[in-house]
Every structure is written in C-alpha cells, then in structure tokens.
Amino acid sequence: MFFSRNLNLGSRFLANQYNGIINNFDLVHLHWVGHGFISTDFLLKLKLNKLVITFHDYYFLTGGCHVPIECEKYITECKNCPAGVFFNDFQLKNFNEKKKLFNEVIVFAIAPSEIMASKIRNSELGKLIYQVIVVPNPIDINLYKPIDLCVDESNIKYILPNNKKVILFVSNDLSDKNKGLDLLIDALTLINETSKFCLVTVGNRMPSVFARLGFEIFHLGSIIGATDLIGIYNRTYMTVVPSRFESFSQVTLESLSCGTPVVAFDSSGPAEIIIDNVNGFLVNDLSVVELGEKIERLLLDPGKRELFSENGRKMVKEKYSLTAVGELLKSQYNNILNVKC
C-alpha cells in the first residue's frame, strides 16, 4: 500500500499566507494531494466555506493509503492498519482529521467514475460529504490521436519489432500490485503462439520475473513527455490494463484516443470507458484465464482490432474531449456556487 503521511509541519504559517490569496477566489478545487504536501490540518486552518475535491483514489476516504486493495477498514474506521502501524497509528489520526474537515467544511466530491462515486458514498467519511458528482477526466484529442508513423519524428518505431504484434502495459510503478502486471504475465503465458507477440512495458522498477518468461519483452523505462508515449500507443496493437482497481484509468483513455483498443477487467474505472466488444474487451472477475482468452482473440482478429480502433476514437471525441468535460464541469461549478452555506 502507498501511504501519504499527511504531515502538519508549518500548516499554521502556510494557512496564514494562503488565506489572503484564497479570499480572491469563489471556490477552491483540489485535484491531487498525494505525498501529504497538502495536509488536512492545513485545510482546516484555511477560511473555507466550500471545498471541491477530485477523488482520483481513496486518499480522502482512508487514514492515508491511496488504494486499500482488499482492506475495507475505511468503510467504518481506519485503525490497526493491516499494512502495519507506523508513527503511533498515524492512520487513525489522519482518518479523524479528515472527519473533522468534512464536518466543518461543505465538501463536494468529484468522482471520475460511477464506481469511485459508489466507493465514496459507501464509506464512513464519504457519508459526511455534501454531494458526490461524477465528472470524468478529459483528454486533449488533438494531442492524443492516431498518427502516421511513417512521418512521425519519434524513434519509438525503430525500437520495437515490426514482425510482432505489440501488447502494451503502462504504469508509473511496474511493481505496484494494484496495477496487475502479475495478472497480465500469467495471462500471456496461457496464449499458445507466443512468438507472434511481444510485451512492451512503460514505467519504473522493472520486475526480475521478466527474465524467466517465454515471450519477448521490451522495457522502455519511464517515458518523459507525451510525444513518445503517443508514438508508443500508435505503434501498439493493443493496450492491456489489468489493474485490480482504477478510479478512472487515464491509460485506457489515452490508448483509445490514439486508436489503440484496450483489454481490461470489468471491476473498476475502465469498465465505464470500454464498451465490451465495441471498442475493446472487458474481462470478468479478475479472471486470468479469460484475460488470456480475450487477448488471444484480439491478436487473431485484425478486423475486429480495426473496428475497435475506429469505435474507440469516435467515443473519446464525443465524451471525453476538453470541451465536452469542460462544459460539464462548468455546469457543476455553477451548481456548487449556488449552494447556500
């Protein structure tokens, strides 16, 4: 589990500095507070009547972890953490600080998916939130788009083999259990003709298990900048998102926007972006066997892959463009501002 410590060092001083600035704005919207660089104690010291928070993960529902995986303590109270008690059970202290914040400030939660909204509503801290609103993450469709690799200036196309279909896995941390690389590897070992595809991974911390697999792997490391990543999506036959949980899945959206189909589990965010058998495949119940079957099915059917590509790009343009999501968010801001304190 990845924890944010929620340090309160200097929060009073910082709050005094920021209160003068915040008075110039009608609304404060927090998008990301990971690593504890914005503490709950700091937020409590700000002169806020309303606060909008985008829940990209569980952080504001727990005592500090961002994805609890199997742990459900946050539903009632985060104490005696199964991952270990550090710093005198800081998880319970953090949990209670967030409870105090939600009791003292009118908080509006923006969830990027319906499943994340349900996680918020069914949690102890989520019950204190004034309103939960679903607004998906947007994407720049003029940047993330299909490109002609023949004229692309990226060198990515020279790194990857042209005689194999590329299966892509993207994660900031390849060793993060929640991202499910272990499930993908197990699924790929079930495919019969491993010589026809290769796995490409993007991210940090390449697992040592790669050395023991029976298919070719290219690890590209951490990609800095959108240009190379877009080149990779366009060079890819399919992207697989085997995460155990995603509040949304920006990788799914980026891949579809570039015209590359996605195979993912149906248990979280990707299931609200992918329409099964229309712009990709959804896999039931974290089934490794079905994941392997769906990947192989797409590998063997270029016509279906082409159909998924067209449908995926069309759907992203209609629902997830900066303009479409911006209009939705603007409407929600107006509603929030009209709520009487």
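Need pairs with beta-carbon distance below 6 Å; first residue within 20 Å of Leu128 (Cα to Cα) and within segment 65-85, second surrounded by fewer than 16 Cβ atoms within 10 Å (Cβ to Cβ); sequence gap 6+ or separate chains.
That search, which allows pairs on different chains as well, returns His66/Phe2.
With the requirement that a residue be farther than 18 Å from Val251 by Cβ and of a type in the set (A, V, I, L, M), what does segment 307-321 give you?
If the condition is that a residue be farther than 18 Å from Val251 by Cβ and of a type in the set (A, V, I, L, M), then Leu307 is the only one that fits.
With the condition kept exactly as written, say whether any residue in segment 284-293 is more than 18 Å from the chain's Cα centre (by Cα), buried (at least 24 other Cβ atoms within 10 Å of the Cβ) and assigned by TED's automatic domain parsing to the domain that holds Asp176.
yes
Name the residue, out of Ser222, Ser243, Ser267, Ser255, that is modelled with pLDDT under 95, outside any strand (DSSP E or B) and touching a helix residue (DSSP H, G or I) at 6+ places or on another chain (Cβ under 9 Å).
On inspection, the qualifying residue turns out to be Ser267.
Test Leu27 against the criterion of being in contact with a strand residue (DSSP E or B) (Cβ under 9 Å, 6 or more places away or on another chain), assigned by TED's automatic domain parsing to the domain that holds Lys73 and either part of a helix (DSSP H, G or I) or modelled with pLDDT of 80 or more (or both), and give yes or no.
When the stated conditions are applied, Leu27 passes them.
Return the pair list, or none, for Cβ contacts closer than 6 Å from residues in segment 307-335 that are at negative phi and in the same structural domain as Ile274 (by TED's automatic domain parsing) to residues that are surrounded by fewer than 16 Cβ atoms within 10 Å (Cβ to Cβ) and aliphatic (A, V, I, L, M), at least 6 apart or on different chains.
Asn311/Val278
Output the qualifying pairs, or none if there are none: Cβ atoms under 7 angstrom, residues six or more apart or on different chains, first residue in segment 272-298 and within 12 Å of Ala187 (Cβ to Cβ), second residue hydroxyl-bearing (Ser, Thr, Tyr).
Taking only residues 6 or more apart or on different chains, the pairs are Leu286/Ser267.
Need pairs with beta-carbon distance below 7 Å; first residue outside the structural domain of His29 (by TED's automatic domain parsing) and surrounded by fewer than 17 Cβ atoms within 10 Å (Cβ to Cβ) and within segment 100-116, second of a type in the set (A, V, I, L, M) and assigned to a loop (DSSP other than H, G, I, E, B); sequence gap 6+ or separate chains.
From segment 100-116, no pairs qualify.
Taking segment 54-76 only, how many residues are part of a loop (DSSP other than H, G, I, E, B), buried (at least 18 other Cβ atoms within 10 Å of the Cβ) and among the hydrophobic types (A, V, I, L, M, F, W, C)?
Number of matching residues: 2.
Within segment 73-126, restricting attention to residues that are of a type in the set (Lys, Arg) and in contact with a helix residue (DSSP H, G or I) (Cβ under 6 Å, 6 or more places away or on another chain), which residue is farthest from Gln332 (Cα to Cα)?
For segment 73-126, the residue satisfying everything is Lys79.
Name the single residue that is farthest from the chain's Cα centre (by Cα) among those in segment 162-199 being assigned to a strand (DSSP E or B) and farther than 18 Å from Tyr237 by Cβ.
Asp173
Return yes when Lys304 is out of contact with any Phe, Trp or Tyr (no Cβ under 6 Å at 6 or more places or on another chain), assigned by TED's automatic domain parsing to the domain that holds Cys198, of a type in the set (Lys, Arg) and surrounded by fewer than 18 Cβ atoms within 10 Å (Cβ to Cβ) and no when it is not.
yes
Could you check segment 295-324 and list, in sequence order, the residues that are touching a strand residue (DSSP E or B) at 6+ places or on another chain (Cβ under 8 Å) and among the aliphatic types (A, V, I, L, M)?
Residues satisfying the conditions are Ile295, Leu298, Leu299, Val316, Leu322.
Going by the conditions given, is Lys79 surrounded by fewer than 18 Cβ atoms within 10 Å (Cβ to Cβ), among the basic types (Lys, Arg) and modelled with pLDDT of 95 or more?
No, not satisfied.
Please go through segment 235-258 and give me each residue that is touching a Leu at 6+ places or on another chain (Cβ under 6 Å) and under 21 Å from Asn142 (Cβ atoms), ordered by number.
Correct list: Arg235, Thr236, Thr239.
Residue by residue, here is whether (1) of a type in the set (A, V, I, L, M); (2) out of contact with any strand residue (DSSP E or B) (no Cβ under 7 Å at 6 or more places or on another chain); (3) crowded, with 24+ Cβ neighbours inside 10 Å; (4) not assigned by TED's automatic domain parsing to the domain that holds Phe60 holds:
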site: Leu199; (1), (2), (3), (4): yes, no, no, yes
site: Phe218; (1), (2), (3), (4): no, no, no, yes
site: Arg235; (1), (2), (3), (4): no, no, no, yes
site: Glu246; (1), (2), (3), (4): no, yes, yes, yes
site: Ser249; (1), (2), (3), (4): no, no, yes, yes
site: Cys258; (1), (2), (3), (4): no, yes, yes, yes
site: Ser267; (1), (2), (3), (4): no, yes, no, yes
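The values are calculated or read from the model by the stated rules, or taken from the named source; none is laboratory data. The shown structure was predicted, so the numbers you read here are calculated from the model rather than taken from an experiment. No Cβ is skipped: glycine too gets one built from the backbone with ideal geometry, and neighbour counts run over all protein chains shown.
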